[in-house]
Amino acid sequence: MAPEPRSTGMPSVDAQHDFLRVRRQATISKVAARLRGEPDDVRVILPYQEVIDALGFVSERPAGPAVVPLDAIVGTVDREREFDRRFRPTSGRVRSRWEHIAAAMRRGESLPPVDLLRIGEIYFVRDGHHRVSVARALGHTDIDAYVTDVITRVGATRTITFADLPTKSYEREFFERVPLP
């Protein structure tokens, strides 16, 4: 289990410690997975466009505001290299913004809802990557979001990985060619 974020009463200092703690967790997780022989794609954040290509886009419609469990957010529209699947920063490039948001959350400041796309049981971040990352790091279980439902030909569950996309693509092609009720 991940250590709980501690508080010194100085949000900026705590945010710096939070960032270092989460980066350390990401590195340890990567090394441990490699030692266990896990495939690399289990930890990879899912790229929205590749998932849509595999599942087959039909339409999208606004679903409105919602409280979304952070564990269901597994992908991103445009930041594949900056975060892992658990939204831990993968490099120091995001540090400044991440610490700024962490300090604001620790001070109890109100932040705008994140913008998410929902496909089946999973969510993709369109806007708010850092807020999702910080919320997870601070031990939150859910986050306020504005959700857009994306309808696809084939559904997706929370356990989908990058390696599942070719199979989902074949499944989509099958259902397009063979009209089943």
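Taking region 67-81, which residues are open to solvent by less than 80 Å² (accessible area, probe 1.4 Å), over 12 Å from residue 117 (Cβ atoms) and assigned to a strand (DSSP E or B)?
Listed by number, the list holds a single entry, 69.
Got a number for residues in region 123-141 being buried (at least 21 other Cβ atoms within 10 Å of the Cβ) and of a type outside the set (Phe, Trp, Tyr)? Write out each step before concluding.
Keep residues of region 123-141 that are buried (at least 21 other Cβ atoms within 10 Å of the Cβ), which gives 123-125, 128-135, 137.
With the extra rule that they be of a type outside the set (Phe, Trp, Tyr), the set shrinks to 125, 128-135, 137.
Residues in region 123-141 being buried (at least 21 other Cβ atoms within 10 Å of the Cβ) and of a type outside the set (Phe, Trp, Tyr): 10 in total.
For region 94-110, give me each residue that is in contact with a Lys or Arg (Cβ under 9 Å, 6 or more places away or on another chain) and either open to solvent by 50 Å² or more (accessible area, probe 1.4 Å) or farther than 15 Å from residue 22 by Cα (or both).
To start, the set of residues in region 94-110 that are in contact with a Lys or Arg (Cβ under 9 Å, 6 or more places away or on another chain) comprises 94-95, 101, 105.
Within region 94-110, 95, 105 meet the criteria.
Which condition from (1) in contact (Cβ under 8 Å) with a residue 40 or more places away in the chain; (2) under 28 Å from residue 12 (Cα atoms) is the one that residue 152 breaks?
Unmet condition: (2).
Counting just the residues of region 131-178 that are acidic (Asp, Glu) and in a helix (DSSP H, G or I), which one comes out farthest from residue 17 (Cα to Cα)?
Residues of region 131-178 that are acidic (Asp, Glu), as a first pass: 142, 144, 149, 164, 171, 173, 176.
Subset that is in a helix (DSSP H, G or I): 164, 171, 173, 176.
On the way: 164: 36, 171: 45, 173: 48, 176: 51 Å.
Result: 176.
What are the pairs, 6+ residues apart or on separate chains, where a residue within region 128-143 that is closer than 15 Å to residue 85 by Cα and touching a residue at least 12 places away in the same chain (Cβ under 8 Å) has its Cβ under 7 Å from a residue that is part of a helix (DSSP H, G or I) and among the β-branched types (Val, Ile, Thr)?
130/94; 130/101; 131/101; 134/101; 137/22
The values are calculated or read from the model by the stated rules, or taken from the named source; none is laboratory data. Quick caveat: nothing in here was measured; it's all calculated off a predicted structure. Neighbour counts run over all protein chains shown; Cβ positions are idealised from the backbone, glycine included. Note: areas computed on protein heavy atoms with side chains; ligands, DNA, RNA excluded. Shrake-Rupley method; radii C 1.70, N 1.55, O 1.52, S 1.80 Å.
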